[in-house]
Amino acid sequence: MGHYKKLEGDLTIRDARIGIVLSRFNDFIGERLLAGAVDALTRHGLARESLEVCRVPGAFELPLAAKAMAAKGGYDGLVALGCVIRGATPHFDYVAGACIQGLGHVGLQFDLPIGMGVLTVDSIEQAIERAGTKAGNKGFEAAVTVIEMIDLLRRLR
């Protein structure tokens, strides 16, 4: 197979500033995701003083707030947290799609890693499972992802 240079991010973060953008809609889930993200960041070396949380009304507003944070500068990465639960109307598809696509666009536009911790689920039960019970905590996972990507991008640059 030959030799090759391996590039991947480390899971320790110290000299970084992280912004979290959090949807208040379905906040009983969002607060659990936030607790998971903060736990991950501090366990992996980030000082709480290097963390800033911006709250927005809902998932649809997450990309705009993330864009404003990215444009302001000073962040090494962002973590987006929220929960969109499917209802009986197509509203879910529009909100979830705009949110995910918008956050991806912000990351690429500003060359900034964004940890995706926005749940798009069919039921409250699925949301609870992904916010700290059976399926882990997706806020924790999104924060770990952004840590790895910050370190990887530093190595690539």
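Laid out as a table, the results:
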| read-out | value |
| --- | --- |
| For V53, distant residues with modelled amide H under 5 Å away | I20 |
| Cleavage-rule hits, trypsin sites (Lys or Arg not before Pro), segment 1-72, DSSP coil, Cβ neighbours within 10 Å at most 11 | K5, K6, R14 |
| Burial order of peptide ranges 95-102, 136-143 (average beta-carbon count within 10 Å, highest first) | 136-143, 95-102 |
| Cα point-scatterer Debye curve for the chain, base-10 log of I(q)/I(0) at q = 0.10, 0.16 Å⁻¹ | -0.34, -0.83 |
| Mean separation of Cα contacts under 8 Å, 6 or more apart, over the residue count of the chain: relative contact order % | 34 |
| Rounded tilt (10° steps) of 91-110 against the dominant C-alpha axis of the chain | 20 |
| Distance between segment 93-119 and segment 9-53 - C-alpha centres, whole angstrom | 17 |
| Under-5 Å amide H pairs with G77, H placed in peptide plane, nonlocal only | R17, G19 |
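Any read-out appearing in this document is the output of simple, stated calculations on the displayed coordinates, not a laboratory observation. Since we're looking at a predicted model, the values are computed, not measured. Counting neighbours? That spans all protein chains shown, and the Cβs are built from the backbone with ideal geometry, glycine included.
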